[in-house]
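The values are calculated or read from the model by the stated rules, or taken from the named source; none is laboratory data. Because the structure is a prediction, the values reported are computed rather than measured. Note that we place each Cβ from the backbone using ideal geometry, even for glycine, and neighbour counts take in every protein chain shown. Protein only, heavy atoms only, side chains kept; ligands, DNA and RNA dropped before computing areas. Shrake-Rupley method; radii C 1.70, N 1.55, O 1.52, S 1.80 Å.
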Amino acid sequence: MPWFGMDIGGTLVKLVYFEPTDIPPNSSSDESEVLYQIRHYLKRSSSYGRTGIRDIHLQMDNCCINGRVGTLHFIRFPTSEMPVFINLAKSKGIASLSSTVCATGGGAFKFEKDFQREVDLQLHKFDELDSLIHGIHYIEAYNTHECYYFRHARDPELAEKTAFDFSQPYPFLVVNIGSGVSVLAVYSPDSYKRISGSSLGGGTFLGLCSLLTGCETFEEAIELAAAGDSTKVDKSVREIYGGDYSKFSLSGDIVASSFGNMSCSEKRAQASKADLAKATLVTITNNIGSIAKMCAMAEGVERVVFVGNFLRVNEISLKLLAYAMDFWSDGALKALFLEHEGYFGAVGCLLEMMKTS
């Protein structure tokens, strides 16, 4: 059967496809026919329609899942395009190749009836956070270059992406940044708990940017933010105290009030859309970093792993989080990142499905 794992989030759908490569070349089995049909459509291009993307650079070869050897493919598209995806699955005949699709995330419940009504497919639902943790462990074990951190994190100009040995990780925090944020404390492959979260996540960033700047996509919002100057929007410690707040080791450049300058009509007139986008990104990222730092200190954990599609093509937030963890903990905490960012839930879901199969 086709082996798909879907993580249907509030903003983005992550789709993982496991393509078995251990079938003899001249095999005429039903399985090889099914695989040919899927391969013909999925692999002829890295984009599907206007918004579907296959992340070729993340492809993983020679993976072993449930005794089978194959390749993992990673595909994403906006959740708002789910009706288009369902119609595509119907028109290409993909839906006729299986009676069940495994899925996780809130959309597994939201779109369950749509799959049943439109393409007669049952959604086999798996727990979102279980899938996330299992997916992280699986991919990190297979990909030796999966985990990294930023050396010289306190200097954005010198910050350097560096591989991190994650072979002995426990305990660690997972900060999953999707539409919102969940913070998990992980003690072993099968032992974890959710300790905190926030409604201010990637969905908040895109929503506010859309309101403030008129941008339509996450990529557009990030590109706009990269060209902006958040200091024109935020109020710094220097603007309040006239300099550093040395008693508490607060540099004058640190943000004291996000969007604090926007109460002044003159400064509002000077702020560009790019400045507003950058300030929005900094506000959301700083809030996530603050929550992560407090959770790590409360749990006595030194390693904090940030994942989720909010970090995709988002070097600004990567470096801000690295800086925040290092600075506010005086070097006691390390911010870690993973190459496959937002696909772990879909991978974990696929693993669970193949176990039950």
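A few points about this structure:
- The set of residues in the stretch 182-201 that are within 18 Å of Phe337 (Cβ to Cβ) and open to solvent by 10 Å² or more (accessible area, probe 1.4 Å) contains only Ser182.
- Residue match in the stretch 280-300 (condition: without any contact (Cβ under 8 Å) to a residue 60 or more places away in the chain, closer than 18 Å to Ser230 by Cβ and touching a Phe, Trp or Tyr at 6+ places or on another chain (Cβ under 6 Å)): no
- For the stretch 262-292, the set of residues classified as under 27 Å from Ala335 (Cα atoms) and either surrounded by fewer than 17 Cβ atoms within 10 Å (Cβ to Cβ) or among the basic types (Lys, Arg) (or both) consists of Lys278, Asn287, Ser290, listed by residue number.
- Within the stretch 304-332, the only residue that satisfies the criterion of being more than 24 Å from Ala226 (Cα to Cα) and surrounded by 22 or more Cβ atoms within 10 Å (Cβ to Cβ) is Val304.
- Residue in the stretch 119-137 that is touching a Gly at 6+ places or on another chain (Cβ under 9 Å), under 21 Å from Asn176 (Cβ atoms), in a strand (DSSP E or B) and of a type in the set (S, T, N, Q) present: no
- No other residue among Val175, Val186 is under 18 Å from Ala322 (Cβ atoms), at pLDDT 95 or above, assigned to a strand (DSSP E or B) and not small (Gly, Ala, Ser) apart from Val175.
- Residue list for the stretch 225-256, restricted to those being aliphatic (A, V, I, L, M), open to solvent by less than 50 Å² (accessible area, probe 1.4 Å) and touching a Lys or Arg at 6+ places or on another chain (Cβ under 7 Å): Ala225
- Any hit, the stretch 105-120, residues being open to solvent by less than 50 Å² (accessible area, probe 1.4 Å) and at positive phi: yes
- Per-region count, the stretch 125-159, residues touching a residue at least 60 places away in the same chain (Cβ under 8 Å) and either of a type in the set (Ser, Thr, Tyr) or open to solvent by 70 Å² or more (accessible area, probe 1.4 Å) (or both): 9
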